[in-house]
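The values are calculated or read from the model by the stated rules, or taken from the named source; none is laboratory data. None of these values were measured; they are calculated from a predicted model. Here the Cβ is made from the backbone with ideal geometry for all residues, glycine too, and neighbour counts use every protein chain on show. Just the protein is used for accessible areas: all its heavy atoms, side chains included, with ligands, DNA and RNA removed. Shrake-Rupley method; radii C 1.70, N 1.55, O 1.52, S 1.80 Å.
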Amino acid sequence: MSIIEEYISKINNISWISYDENSNSLYYQKNSVDLPNNKRFSKLYKFDLQTNKQLQITTGENDSTPKVSPDGKKVAYITKNKINENLTLNSLMIKHFKDGSETQISSNNQTVLTAYDSLGSFNWNPDSTMIAYTFRNIHDRDNNSEPYVVNRIRYRQDVIGWLGDELNNISIYSLNDKKYITVPNTGGDDTHPVFSNDSKSIAFVSDVGETRDTHWREDVHIFNLISTERKRLTTYFNGINSITWDIESKTLLIIGTSDEKEGDGRNSSLYKVNVTTGDVKNLNQEEFAYNPQPNLKIINKIVRLSYTHKGISKIVDIDEKGNKNIVYENNSKILQVCDSLNKSLFIENNREVHEVIKVIDKKNGETKNLIVPNSEFYNERPPSNMTKFEINRTGFTIESRVYLPSNFSDKKKYPLIVDIHGGPHGRFEDQIAVNQEIFTNSGYIVLAVNPRGSSSYGSDFGKAVLNDWGGEDYLDIMDSISELSKENYIDDNKIGLYGYSYGGFMSSWIIGHTDKFKAAVIGAPCINLNSMSGTSDIGIKFGEEQWGGIRHESEDKYKFNSPLTYAKNVTTPSIILVGDRDYRCPIEQAEQYFVTLKRMGNDVQLVRYPGGNHGMLSGSAPNLVIDYWSRTVEFFNKHLV
């Protein structure tokens with residue numbers, strides 16, 4: 001088995017946790033790969049913290065998002081439900097622990113899991129008698145004979161596919177009388193329902209409004225279960241990630257953003273909202289990047305959650321006045337926190353063993369590992385060694401991470417791969433990333449720069465990239481490369497570029513402005529901003545803020561910032577890798593660049609992955625992901641070794 005096959009097939013991911021204090025049990029979702037059968041599995045498990053015994057709690061091969069009820073007597077989860085040969089839905093299920101019976105809550109024309117699943121697409125009420133969920137109606141159709149009729153700009157979405165005119169709705173199911181209450185939809189996507197502590201209301205997120213197609217406005221709405229009245233509470237937010245109520249149901253805590261320019265959830269703040277007046281207070285004076293938290297909960301007037309600062313996550317307690325107390329930090333990435341009265345459980349990606357579930361004992365403050373799914377793998381194949389350095393440019397400090405092979409020797413010279421993140425508001429963090437481990441295990445040093453625009457470095461830093469793609473962000477990367485190249489162990493004549501999404505944009509931009517690099521691997525790139533505006537599912541608001549205005553008024557600006565404009569300068573060999581169902585950076589972007597470079601006689605190849613969306617590297621069939629990374633490494637080996 002090759003190194004790449006090992007990394008794709010042997011590493012398990014933990015993507016969801018839920019904790020039942022009644023039985024002292026953890027419920028979690030583990031994702032794995034079956035390489036011989038070319039399948040991905042997601043299975044649900046229960047882990048007893050008292051006995052350390054675990055068992056699989058459902059039988060499905062693609063079950064996800066377990067949420068144990070507050071009384072500990074049942075668990076809700078999502079299952080892949082094959083309705084017919086053409087239609088598979090995400091159905092909401094409830095399993096009763098007493099007799100093992102299961103009940104499907106959503107109907108066979110509703111799909112529950114959406115792009116909003118990380119926010120919590122369904123939630124229990126406090127006494128476990130009701131569950132509220134987000135769904136979208138699905139109509140079985142013959143895709144080969146029926147036309148698609150489009151009436152609005154946001155008519156399709158990456159991963160999900162066709163949306164048409166269907167919107168996300170919210171339904172509330174009563175387990176006692178087996179009746180449903182549907183929240184009246186007023187013309188927007190309604191998501192993330194959260195019950196008040198008295199179960200009389202739900203708060204939820206909605207983007208309803210006349211300008212929803214051209215803006216990313218999201219606000220909090222309240223639905224009263226007694227009067228069945230719906231009202232809009234805020235007119236403040238441009239993206240909401242998490243909601244929770246205080247014990248008296250008078251205040252909401254919100255993780256989200258009010259920035260109408262950047263509008264990116266990776267730079268979210270923490271807000272306090274008065275349920276009566278709708279007044280909003282920002283509790284994030286330090287400009288930390290608060291992480292989406294589907295299990296957000298206030299206990300004894302304190303909320304425990306995680307934020308990221310300069311690519312490092314911390315778990316923190318925040319009281320009702322906004323005072324913060326750090327309770328855990330480990331130079332790592334915190335993926336999810338699940339708090340309770342006596343314990344806090346969380347998923348961490350650290351530099352030792354990748355993903356692990358840990359528990360903090362609130363009585364003595366001790367932290368210990370519960371589930372370490374990849375310990376054996378990393379014992380046999382130690383992770384890379386990470387170092388950091390900084391440079392100062394035009395008033396900003398630019399931080400870089402350097403990943404060295406585990407058997408690194410400063411007496412040798414190594415070829416260098418420059419890894420460029422997506423976004424542009426993505427970020428490199430103190431964690432294990434599979435692609436960087438594949439590169440270092442293949443004999444390369446990896447440079448990962450967080451240029452201006454990267455999240456978790458403050459508001460001004462994040463917004464500095466707006467209207468300047470390929471400007472100062474490009475120079476941040478180039479100057480960081482120059483700084484690292486001063487080290488004797490870097491072979492300055494053997495440097496390659498790798499980037500995906502915005503990273504694909506930047507890789508293409510760089511080779512159009514310098515011939516310094518010997519190879520460029522370009523994944524799912526943005527190449528022609530004029531044609532990407534309107535063809536990408538990211539929405540036209542994104543381009544108008546990022547690239548410099550409304551397209552038909554700014555065509556010259558869009559052209560100036562497009563890598564395609566500078567393709568005539570390219571001499572660097574390149575390979576372009578893209579999924580043919582990528583709606584975020586549509587394949588036509590890659591096709592334009594490939595044809596232009598090929599017509600000029602450049603050394604270039606285009607690889608299309610069937611069915612691949614923008615998230616294909618974590619969701620496509622294992623053989624396609626293995627092929628993607630194999631071609632990447634082989635291309636670098638050809639030109640850098």
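A simple charge model with +1 on the Cβ of Lys and Arg, -1 on the Cβ of Asp and Glu and nothing else charged puts the dipole of the range 319-382 at about 140 debye relative to its Cα centre. Among the listed pairs K516/K598; K314/K486; K46/K368, those with a Cα-Cα distance over 24 Å are K314/K486.
Please work out the average accessible area per residue across the range 228-325, using the 1.4 Å probe convention, and give it in Å².
It amounts to 43 Å² per residue over the range 228-325.
For K516, the amide hydrogen comes within under 5 Å of no other amide hydrogen, counting only partners 5 or more places away or on other chains and with H modelled in the peptide plane.
Semi-axes of the equivalent ellipsoid of the range 245-292 are 21, 11, 9 Å, computed as sqrt(5λ) over the eigenvalues of the C-alpha gyration tensor in descending order. Counting only alpha carbon atoms, the long axis of helix 622-640 and the longest principal axis of the chain meet at about 30°.
Hydrodynamic estimate: the Kirkwood radius of the range 571-641 over Cα pairs, inserted into Stokes-Einstein at 25 °C and 0.890 mPa s, corresponds to D of 192 µm²/s. Ellipsoid semi-axes for the range 358-511, based on the Cα gyration tensor and the rule √(5λ), read 28, 23, 14 Å when sorted largest first.
Sorting the segments 613-621, 259-267 by their residues' average number of neighbouring beta-carbon atoms within 10 angstrom, most packed first, yields 259-267, 613-621. Judged by the mean number of other Cβ atoms found within 10 Å, the most tightly packed of the peptides 74-87, 462-475 leads the ranking 462-475, 74-87. Note on K363: aspartates and glutamates with a C-alpha under 14 Å away, same-chain residues under 8 apart excluded, are D339. Element breakdown for the range 87-233 at a 1.4 angstrom probe: carbon and sulfur atoms account for 47% of the accessible area. Distances longer than 14 Å among the Cα atoms of the range 143-186: what percent of all pairs is that? When every Cα pair of the range 143-186 is considered, 64 percent fall beyond 14 Å. For the range 526-589, a Kirkwood radius taken over Cα pairs fed into Stokes-Einstein (25 °C, viscosity 0.890 mPa s) yields D = 196 µm²/s.
Modelled spin labels at E6 and E229, positioned 7 Å past Cα toward Cβ, are 6.5 nm from each other. Backbone phi angles across the range 338-351, fed through the Karplus curve with coefficients 6.51, -1.76 and 1.60 (θ = phi - 60°), yield HN-Hα couplings of 10, 9, 8, 5, 10, 9, 10, 10, 7, 9, 10, 10, 10, 7 Hz in residue order; Gly and Pro are listed as x. Summing charges over all other residues whose Cβ lies under 15 Å from the Cβ of V595, with Lys and Arg as +1 and Asp and Glu as -1, gives +1. Rounded, prolate or oblate: which fits the range 487-641 when a ≥ b ≥ c are the square roots of the eigenvalues of the alpha-carbon gyration tensor, with rounded for a/c under 1.5 and prolate only if a/b beats b/c? Judged from the Cα gyration tensor, the range 487-641 comes out oblate (a/c at least 1.5, b/c at or above a/b).
With r defined as the distance between the Cβ atoms of N493 and E553 and R0 fixed at 51 Å, what FRET efficiency is calculated, to the nearest 0.05? About 0.70, to the nearest 0.05. When the Cα positions of P405, V418, I550 are compared along the charge dipole of the chain, P405 comes out farthest toward the positive end, with charges on each C-beta of Lys, Arg, Asp and Glu. Over the range 16-125, the Kirkwood radius and the radius of gyration, each from Cα atoms, give a ratio Rg/Rh of 0.97. Kirkwood Rh over alpha-carbon pairs of the range 84-207, then Stokes-Einstein at 25 °C and 0.890 mPa s: what D in µm² s⁻¹, rounded to an integer? This corresponds to a translational diffusion coefficient of 155 µm²/s.
With Rg and the Kirkwood Rh both taken from Cα atoms, where does Rg over Rh land for the range 271-360? When Rh is taken as the Kirkwood radius, the ratio is 0.99.
What number comes out for accessible area per residue over the range 362-418 if the probe is 1.4 Å? Units Å², please.
56
Residues with beta-carbon under 12 Å from that of F636, excluding F636: net charge, scoring Lys, Arg +1 and Asp, Glu -1? Once positives and negatives cancel, what remains is +2.
Pairwise Cα separations in the chain fall into 10 Å bins from 0 onward with the following percentages, short to long: 3, 15, 26, 28, 19, 7, 1, 0.
In the range 145-245, Cα pairs under 8 Å separated by at least six residues give a relative contact order of 18 percent.
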